[in-house]
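*Asks:* Mind having a look at this structure? Questions to follow.
Values quoted throughout were computed directly from the atomic coordinates according to the rules given, and no laboratory measurement underlies them. If you're wondering where the values come from, they're calculated on a predicted model, not measured in any experiment. Using ideal geometry, Cβ is built from the backbone for each residue, glycine included, and neighbour counts are taken over all protein chains shown.
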Amino acid sequence: MVATDQAITLKTPDEIGIMHQANRIVAGVLRLLEQSIKEGVSTYALDKLAETYCRDHKAIPAFKGYKGFPASLCASVNEEVVHGIPSKNKILKNGDIISLDFGTLFQGFYGDAAITVPVGEVSVQVRTLLEVTKSALLQGIEQARIGNRVSDISRAVQSYCESHGFTVVRQFVGHGIGTQLHEPPEIPNYVQRQPSPRLMEGMVLAIEPMVNLGSAKVKILSDQWTVITADKKPSAHFEHSVAITKNGPQILSDHPPEGTEADLKVGAT
């Protein structure tokens, strides 16, 4: 691992290999949770599923206890943007959407990814929000190339979302990732005025559009964690951890193929 002048760390191919393993566990968790989403399931049950899978795959849940966060999984429903705290009292119902954000610590390196999943049937407008947010993530990843700047990622995400009539959250951003869960540089989902860092081989970035159906404004609830949209309209969140390589962006947190060792047969109730 090499530190640059901006305190951005460049990972070696071997280190990226470990991060790929960390993120494959994250991807396995998210696939299991996606398969378990149904009406009547509590977000607490999803949290327990996630933690069990993570520990069974020899990793540590990265979020649990991080700055006091009380759970392993961030489970954010409908207008909750990020950092929703799982609860036995929060029961999913038809028409909801739920953002699932999970991180691992594996052999000294972190993984981090997120998806947003519909519960049963959702409106066309909300389904479009999910599709646009997921596509915006891919638009941003496409710009994660040597020689580009962080602002190229930001511009791709912002322009894509706004061209479809949605807004991007500005108070929360993506980040570098490695031996720390959050490392420089920050990865905003909108273009800032100041110059942004140049992308270099060996950087690993957690790129994560947070996109709102209504206003971009958000607020934090009294639990000091849960972020909601100010107008209480739905929000979507997708995230991948991505390595900058000489062959282009490498998504480390892609879902593993069906039937691999990452599968774990557990049910949610």
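*Asks:* Any idea what the dipole of the chain comes to, in debye rounded to 20, about its Cα centre with Lys/Arg Cβ at +1 and Asp/Glu Cβ at -1?
*Replies:* In total the dipole reaches around 420 debye.
*Asks:* Mind computing the radius of gyration and Dmax over the alpha-carbon atoms of the chain? Å is fine for both.
*Replies:* Looking at the chain, its Cα Rg and Dmax stand at 17.3, 51 Å.
*Asks:* Here is a further query. What area, in nm² and to one decimal, does the C-alpha convex hull of segment 33-122 cast on average over all directions?
*Replies:* 5.6 nm²
*Asks:* Moving on. List the lysines whose Cα lies under 26 Å from the Cα of Lys48, skipping any in the same chain that are fewer than 8 positions away.
*Replies:* Correct list for Lys48: Lys38, Lys58, Lys64, Lys67, Lys88, Lys90, Lys93, Lys134, Lys265.
*Asks:* Okay, moving on. For segment 123-206, report the translational diffusion coefficient in µm²/s to the nearest whole number, using Stokes-Einstein at 4 °C, 1.567 mPa s, and a Kirkwood Rh over Cα pairs.
*Replies:* 97 µm²/s
*Asks:* Taking H as built 1.01 Å from N, whose amide H comes closer than 5 Å to the amide H of Ala62, not counting residues under 5 places away?
*Replies:* HN-HN under 5 Å from Ala62: Gly103, Thr104, Leu105.
*Asks:* For the chain, what is the mean residue ellipticity at 222 nm derived from helices alone (per DSSP H run of n ≥ 4: -39500 (n - 2.57); sum divided by total residues; nearest 500 deg cm²/dmol)?
*Replies:* Rounded to the nearest 500, it is -9000 deg cm²/dmol.
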